[in-house]
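The values are calculated or read from the model by the stated rules, or taken from the named source; none is laboratory data. Just so it is clear, the model here is predicted, and its values are computed rather than measured. Positions of Cβ are backbone-derived with ideal geometry, glycine not excepted, and every protein chain shown enters the neighbour counts. For the accessible areas, the whole protein counts, side chains as well, though only heavy atoms, and no ligand, DNA or RNA atoms are used. Shrake-Rupley method; radii C 1.70, N 1.55, O 1.52, S 1.80 Å.
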Amino acid sequence: MRRGGPSVLGIVLAGGEGKRLMPLTADRAKPAVTFGGTYRLVDFVLSNLVNADVLRICVLTQYKSHSLDRHITTTWRMSSLLGNYVTPVPAQQRLGPRWYLGSADALLQSLNLVNDEQPEYVAVFGADHVYRMDPRQMLQQHIEGGAGVTVAGIRVPRAESSAFGVIKPGSDGQTIETFLEKPADPPGLPDAPDTVFASMGNYIFSTKTLIESLHRDAEDDDSVHDMGGSILPQLTARGEAQLYDFGTNHVPGETRSDRGYWRDVGTLDAYYDAHMDLIAERPAFNLFNRNWPIYTHSNQLSPARFNAGGMASESIISAGCLIRGQVSRSVLSPGVRVDPGAVVQGSILHDNVIIGRGAVVRGAVLDKNVEVPPGATIGVNPERDTELYTVSKGGVIALGKGQLVT
């Protein structure tokens, strides 16, 4: 935070493998996956922290981190004159020759970062969600509530609870009475029986509480050494955990349609659906909010160009694209080329994808450098697509980086 305010160190957990997003994570960490044409998933959490004046941030990485490390070091350059930074921190094996056993162990092995900064509070946030949030409001509640940890929660349908850590608040609506990691049949909320509070994976700790809880967890041989599976239940049992309702958070420039938006894009279907949220006339998530911007790196490319009768509707078209075919309900990253007679519908095309003359692409996610030959089809013949490509439960067809199309 700025001078005069509480001192906060941001730690972003970016070490997950992202297996459910394969093949997009075959060659990169999940937080480095492209989103919305020009962004990386990690840009959303970093933008939220920086917009809230959390200006010293460590990003803990582990698997396939080169693309993520490069993006952070080339994009997120802060003022060294003021001592601010965003830095990737690889797995350091400070406690022996082993990788991180879980997110709690990742923090334990990185406590040197906390000891060096000596912050009053530590904001531990996840790296792969799409949302806007002002963490200062959560921090203010944490300070006023006097808890050891404050957990950001969002209301989700009870039927979806098995995908999240579920928070059961106490009678005061704020103290966490129970924390259940991915339960099959949790109790609903008193005011909404078909709804539960899901953990967003964002936590604010008082520094002393974080250090003590990590050391206690390390001494527990039965622990899974995970934030949701270990640390939160431990602090809940000690009466030190409280809930922050994300629904009360407001950011400048929010619209009625995108207020409170948060998406876990951990699967191909969720990733695809979140993109479709971007392109409506009144988008469920508005990328054009200049009052709370999402920052990223922009290459020096010419503006998008439309020639030979090329058209696009209900789409996001990035710089450097050349459109000579028909594009609808799609998101195109920089450098995409759509040749004459080609049709792209309801698809997400990453950097430098080429759609050849007369080709058809529907309901697909194509990673960077994929070239669809003239006359080829994707999303037209379901049986053929299943044989050749990755197809999600919801029918989204995904091709990995540079994958050949026949």
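Only the Cβ atoms of Lys and Arg (+1) and of Asp and Glu (-1) were treated as charged; on that basis the dipole of the range 139-191 about its Cα centre amounts to roughly 140 debye.
What's the angle, to the nearest 10 degrees (0 to 90), between helix 66-75's Cα axis and the longest principal axis of the chain? So the inclination is approximately 80 degrees. For the pair residue 27 and residue 80, a Förster radius of 41 Å applied to the C-beta separation gives a FRET efficiency near 0.85, rounded to the nearest 0.05. Summing Cβ point charges (Lys, Arg +1; Asp, Glu -1) relative to the Cα centre of the range 297-406 gives a dipole of roughly 180 debye.
Rounded to the nearest Å, what's the spacing between the alpha carbon centres of the range 171-194 and the range 265-292? Just the number, please. So the separation of the two Cα centres works out to 28 Å. Once C-alpha pairs closer than 8 Å and six or more residues apart are averaged by separation and normalised to the residue number of the range 264-406, the relative contact order reads 16 percent. Accessible surface of the chain, 1.4 Å probe: 48 percent of it comes from carbon and sulfur atoms.
Distance between the pseudo-spin-label points of residue 259 and residue 7 (7 Å out from Cα toward the beta carbon): 3.7 nm.
Rolling a 1.4 Å probe across the protein heavy atoms gives the chain an accessible surface of 44 Å² per residue. Note that the chain shows a convex hull volume over its alpha carbon atoms of 148 Å³ per residue. For the chain, adding -39500 (n - 2.57) for each run of n ≥ 4 DSSP H residues and dividing by the number of residues yields -5500 deg cm²/dmol at 222 nm.
When each of the peptides 82-92, 11-21 is scored by how many other beta carbons lie within 10 Å of its residues on average, the order from highest to lowest is 11-21, 82-92. A crude spin-label estimate for the pair residue 87 and residue 181, with each label 7 Å from Cα along the Cβ direction, gives 3.0 nm. Taken one residue at a time, the phi angles of the range 298-310 give Karplus couplings (6.51, -1.76, 1.60, θ = phi - 60°) of 10, 6, 7, 10, 6, x, 4, 10, 10, 9, 6, x, x Hz. Gly and Pro are set to x.
Select from 374, 398, 352 the residue farthest towards the positive end of the dipole of the range 332-406; place +1 on Cβ of Lys and Arg, -1 on Cβ of Asp and Glu, and compute about the Cα centre. Checking the options against the dipole of the range 332-406, the answer is 352. Between 0 and 90 degrees, the angle of helix 42-51 with respect to the longest Cα principal axis of the chain falls at about 50 degrees.
In this structure, residue 64 and residue 171 have a Cβ-Cβ separation that, at R0 = 60 Å, corresponds to a calculated FRET efficiency of about 0.85.
Computed from the C-beta positions of residue 377 and residue 208 and an R0 of 60 Å, the FRET efficiency is 0.50 to the nearest 0.05.
Annotation: amide H of residue 40 within the under-5 Å range of 35, sequence separation 5 or more or interchain, hydrogens built in the peptide plane. Remark: for residue pairs 182/208; 19/368; 30/393, the C-alpha separation exceeds 21 Å in 182/208.
Stick to Cα atoms and the Kirkwood definition of Rh, then tell me Rg/Rh for the range 136-255. My calculation of the ratio gives 0.97.
Would you please name the trypsin sites (Lys or Arg not before Pro) within the range 250-352 that are DSSP coil residues with at most 11 other C-beta atoms within 10 Å of their C-beta?
256, 290
Helix 207-218: angle to the longest alpha-carbon principal axis of the chain, degrees 0 to 90, nearest 10? Helix 207-218 sits roughly 80 degrees off the main axis of the chain. Between residue 314 and residue 224, the simple label model (points 7 Å from Cα in the Cβ direction) yields a spacing of 4.0 nm. Rounded to the nearest 20 debye, the dipole magnitude of the chain is 1500 debye, with +1 charges on Lys and Arg beta carbons, -1 on Asp and Glu beta carbons, and the Cα centre as origin. Radius of gyration (Cα atoms) of the range 278-406, expressed as a multiple of 2.2 N^0.38 Å: 1.05.
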